[in-house]
Every structure is written in C-alpha cells, then in structure tokens.
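Report on one structure; see the data block that follows.
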Amino acid sequence: MRKRAVGSAAIGQFVEWYDFVVYGYLAVTIGKQFFPATDPVAALLATFAIYGVGFLMRPLGGLLFGHIGDRRGRRNVLSTIILLMGAATAGVGILPTYAVIGIWAPVLLLVCRLIQGLSAGAELIGSNTLVSEYSDPRRRGFLVALTSAFAAVPPIFAALFVLLLQNVMTSASFAAWGWRIPFLLGGAMSLVGLYMRRRLNESPVFEEARAREKVTRAPFREVFTQFKRSLSVTFAIAVLSGLGFYMLSGYMSSYLTVQVGISSNNALLSNSISFVVVFILTIVSGYLSDRWGRKPVLTVGTVLMIIMPIPAFLIAGGGTLWSAAFGQSLIAIGVGIYGGTVGSIFIELFPSRVRFTGGAIGYNAAYVLFAGTAPFLSTWMISRTGNNLAPAFYITGVAIVVLIVTFFLKETAGIPLNQIDEESRPARNLVENPS
C-alpha cells in the first residue's frame with residue numbers, strides 16, 4: 001500500500017502539472033487564438049495575465065480541499081481534484097476562439113483556468129501529505145521528494161510533445177487545431193490518475209486520528225490561532241519554490257523566443273533539458289535531506305538561487321540551443337536542490353489534524369503572489385526597463401530574503417509524525433522564535 005500511495009501520488013502530480021504547464025508552453029499560440037491580433041505584445045501579456053489569474057483560485061482550492069482533507073480524509077479529496085483538473089484542461093482544448101465568438105473566448109478560457117487553479121491548490125500538499133503519512137520517518141524526505149519530482153516531468157513531456165506536433169504538422173494546421181491536442185490529452189490522462197487514486201486506502205495516520213477522535217472540526221481556525229508562525233514560514237519557503245519553478249516552466253520558453261530570438265524548437269528542447277536536471281536533483285536532494293537534515297540542504301538550495309540566476313540569464317541569452325540549455329540548467333540546479341526539501345518541510349511544520357489545511361494555505365498564498373505572476377511580471381519588467389536581466393535580479397532578491405527565513409527553521413528530519421503532533425503545541429516548537 002505504501003508503494004501504491006507513492007505511485008498514485010506521482011501520477012497525480014504528473015497529470016496535475018502537465019495540465020498546468022502546457023498552457024505556459026502554448027502561451028504565444030493561445031494569445032493569437034483568444035485575443036485580438038492587432039498587438040502581439042498585448043496579447044501575450046493578456047495570456048500571461050489569465051495564466052496568473054488561475055493562481056488566484058489556488059488559496060481557495062487549498063482552503064476548501066484542505067479543510068475537507070483534514071476532516072474527511074485524504075484519498076477522496078485527491079480523487080476529486082484530479083478529476084476537476086482534467087475536465088478544465090479538456091475544456092480549454094474544445095473552446096472556440098476569438099475569431100468565432102469574440103470576447104466570450106477569453107472569458108471561457110478564464111473560467112477553465114480558474115477551475116484548474118482551484119484543483120491545483122490542493123494537489124501538491126495533498127499528495128505529499130498522503131505519502132508522508134505512509135512513509136518510514138527515516139525515508140520520508142526521499143519518498144516525498146520522489147513524488148514531488150514528478151512535477152518536473154510534465155514540463156519535459158509537454159515540451160517534447162508540443163515540439164513533435166509542431167514538426168509533424170504544418171504551421172497552419174497547428175495554429176488552426178493542433179494546439180488543442182495537448183489539452184485534450186491532459187483530460188484523458190486525468191482518468192488514469194483517478195483510477196489509481198480510487199484503488200488506494202485512506203492514510204493510516206488519518207485513520208488513527210479519526211479512531212482516537214483527534215480530528216479537528218475547524219482546521220482553518222486552528223491554523224490561524226495556533227500555527228501562525230508555521231504558516232508564515234511555509235509561505236516564505238514556498239515563495240522561492242514557486243518563483244523558480246514557474247520561471248522555468250511558465251516563462252523561459254516565451255523569453256527565449258521573444259526576447260532572445262531563438263526558434264521555438266530550440267526553446268522547447270533546452271527547457272526540457274533543464275527539467276531533467278530538476279527531476280534528478282529533486283530526488284537527490286530529498287535523499288540527502290534524510291541523511292544531513294532538511295535545513296542544511298534547503299540552505300544550499302537557497303544560496304544557489306541567489307548566485308545562479310544572473311549568469312544563467314546571461315548565458316541563456318547567447319542565442320543558441322546549447323547556451324539556452326546551459327543557462328536554464330543553472331537555474332534548474334537551484335530549483336531542484338531547493339525543491340527536494342520543501343515538500344517535506346511543508347508537511348512537518350504542521351500536525352496531522354491541520355497538516356493539509358496549513359500547508360495548502362501557506363503554499364498557495366505564496367504561489368498566488370509570486371509564482372503565478374512570474375511570467376507576467378518578467379515580461380512587464382523587461383518591457384519597462386529594456387533589461388533582459390530584470391527577471392534574474394528579481395529571483396536573486398527574493399532568494400536573499402528567503403535565506404534569512406531559513407535561519408529560523410528547526411530541524412525535523414527523521415522525527416516520527418506522531419512526535420511532531422505532540423511537539424507542535426504551540427507552533428513555536430517547530431519554528432525557532434526570532435526574538
């Protein structure tokens with residue numbers, strides 16, 4: 001059952017994030033299909049704005065499904081959210097364009113993105129909660145990181161799939177209907193994830209809490225009254241995680257084609273290479289976090305996110321496939337090492353009775369403000385300053401602030417979850433008090 005839990009969480013992560021990132025890869029095409037063609041830059045900005053608006057639903061999704069998950073159980077919630085994501089993604093694939101229904105095209109696109117955001121708001125925390133509650137404490141970091149690493153596979157698969165379609169189809173055919181295929185495939189894959197999750201038993205930690213009548217009736221209220229410090233640290237750590245991941249998955253392909261001027265094929269190939277790096281290093285980082293501790297590995301990842309972005313953007317701007325791949329891979333090193341620890345930290349900052357809710361609120365609030373806005377703000381900053389390094393300075397500045405926050409994090413590697421439940425009253429036992 002533990003293997004089944006890891007497998008169902010991994011396939012769920014793949015389906016959820018494939019559906020989410022394919023929008024970013026097709027942003028230029030979507031802009032042409034759903035907005036007036038008179039101003040290509042304005043259309044791209046509008047496309048990224050809708051991309052970011054989808055993130056506004058993530059806190060609501062995290063709050064809603066986190067509340068249900070902490071009160072009713074993890075499994076059914078995870079089944080529901082993957083079904084919602086698949087339906088919304090397939091919906092994008094069948095929407096009529098601006099040329100057909102005018103202003104209703106971007107309106108309906110917005111509705112689909114909001115449903116995707118609602119679903120995605122609970123996926124990562126829910127999957128990691130389930131896996132952590134099945135895991136041996138000595139391998140919890142590795143297993144959670146293994147699950148989280150599958151969020152790096154969809155950008156690879158989506159990029160290569162889009163690249164395949166663009167090369168086997170004529171430009172006219174791809175623009176007319178070929179761009180819809182990746183979205184329809186995402187809807188179909190969600191059914192596979194749903195099947196796997198329906199075959200899974202409920203989390204043993206939740207079942208034990210329910211048997212002992214330790215399930216809280218008001219997880220939201222308890223998070224904000226007893227775990228405010230843990231919530232704040234979750235938010236801060238998630239800021240850099242989301243910004244790094246979505247700078248790669250949601251922005252870099254458009255940056256390379258629009259700002260650097262390389263071909264779409266080279267942009268997608270180079271981006272895929274960088275996510276192979278993310279996938280491998282996420283797993284390695286999770287393994288090391290079990291051996292060396294969460295805090296040391298997280299600190300190394302944060303430092304890399306400070307020093308890598310500026311040289312990465314300089315190298316990626318070289319205008320070739322290999323310069324683009326090498327530059328993005330520098331960012332990917334920091335994203336992978338940092339990301340391999342955060343999944344476990346989100347879980348270990350909260351006791352089981354509010355784990356889903358607390359992690360989802362802090363994580364999604366950060367993603368709304370920083371991850372979802374990363375493509376839009378990056379495009380806007382370059383257009384306003386004329387400096388292609390503006391996004392790199394943005395990442396570096398955020399990473400410096402997060403590095404300060406990591407100093408106040410207490411080590412939780414190897415501690416059984418039931419011990420964390422006992423030590424989490426009050427929350428300051430899990431997070432060092434700055435005072």
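Laid out as a table, the results:
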quantity: Hey, Ser424 crowded, with 20+ Cβ neighbours inside 10 Å, modelled with pLDDT under 80 and not hydrophobic (A, V, I, L, M, F, W, C) or not; calculated: yes
quantity: Residue match in segment 38-50 (condition: open to solvent by less than 10 Å² (accessible area, probe 1.4 Å) and of a type in the set (Asp, Glu)); calculated: no
quantity: Given (1) in contact (Cβ under 8 Å) with a residue 60 or more places away in the chain; (2) open to solvent by less than 60 Å² (accessible area, probe 1.4 Å), index of the condition Met169 fails; calculated: (1)
quantity: Pairs, first at negative phi and of a type in the set (A, V, I, L, M, F, W, C) in segment 213-228, second open to solvent by less than 30 Å² (accessible area, probe 1.4 Å) and not in a helix (DSSP H, G or I), C-beta under 8 Å, six or more apart; calculated: Val223/Phe350; Val223/Val354; Phe227/Leu349; Phe227/Phe350; Phe227/Val354; Phe227/Ser424
quantity: Unique match (being hydrophobic (A, V, I, L, M, F, W, C) and under 30 Å from Leu288 (Cα atoms)) among Phe161, Phe157, Phe174, Phe183; calculated: Phe157
quantity: All positions within segment 280-318 that are surrounded by fewer than 22 Cβ atoms within 10 Å (Cβ to Cβ), closer than 21 Å to Ala159 by Cβ and of a type outside the set (Gly, Ala, Ser); calculated: Ile280, Ile283, Ile315
quantity: Tally, over segment 370-396, of residues that are in a helix (DSSP H, G or I) and surrounded by 18 or more Cβ atoms within 10 Å (Cβ to Cβ); calculated: 13
quantity: Answer residue from segment 319-349, given it is among the polar types (S, T, N, Q) and open to solvent by less than 10 Å² (accessible area, probe 1.4 Å) and is farthest from Ala149 (Cα to Cα) among those; calculated: Gln328
quantity: Helices (runs of 4 or more DSSP H) completely within segment 111-193 that count 3 or more residues being under 19 Å from the mean Cα position of the chain (by Cα); calculated: 140-149, 153-168
quantity: Matching residues, segment 216-231, being buried (at least 16 other Cβ atoms within 10 Å of the Cβ), among the hydroxyl-bearing types (Ser, Thr, Tyr) and assigned to a helix (DSSP H, G or I); calculated: Ser230
quantity: Residue match in segment 86-103 (condition: open to solvent by 20 Å² or more (accessible area, probe 1.4 Å), within 30 Å of Ala211 (Cα to Cα), at pLDDT 85 or above and in a helix (DSSP H, G or I)); calculated: no
quantity: Residue within segment 123-130 that is within 23 Å of Ala27 (Cβ to Cβ) and surrounded by fewer than 24 Cβ atoms within 10 Å (Cβ to Cβ) present; calculated: no
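Yes or no, residue by residue, for (1) aliphatic (A, V, I, L, M); (2) touching a residue at least 40 places away in the same chain (Cβ under 8 Å):
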{"site": "Arg58", "(1), (2)": "no, yes"}
{"site": "Arg72", "(1), (2)": "no, no"}
{"site": "Ser79", "(1), (2)": "no, yes"}
{"site": "Gly93", "(1), (2)": "no, yes"}
{"site": "Tyr98", "(1), (2)": "no, yes"}
{"site": "Leu109", "(1), (2)": "yes, yes"}
{"site": "Leu118", "(1), (2)": "yes, yes"}
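The values are calculated or read from the model by the stated rules, or taken from the named source; none is laboratory data. All values derive from a computational prediction rather than experimental measurement. Every residue, glycine as well, gets a Cβ built from its backbone with ideal geometry; the counts of neighbours run over all protein chains shown. In case anyone asks, the SASA skips ligands and DNA or RNA and just uses the protein heavy atoms, side chains included. Shrake-Rupley method; radii C 1.70, N 1.55, O 1.52, S 1.80 Å.
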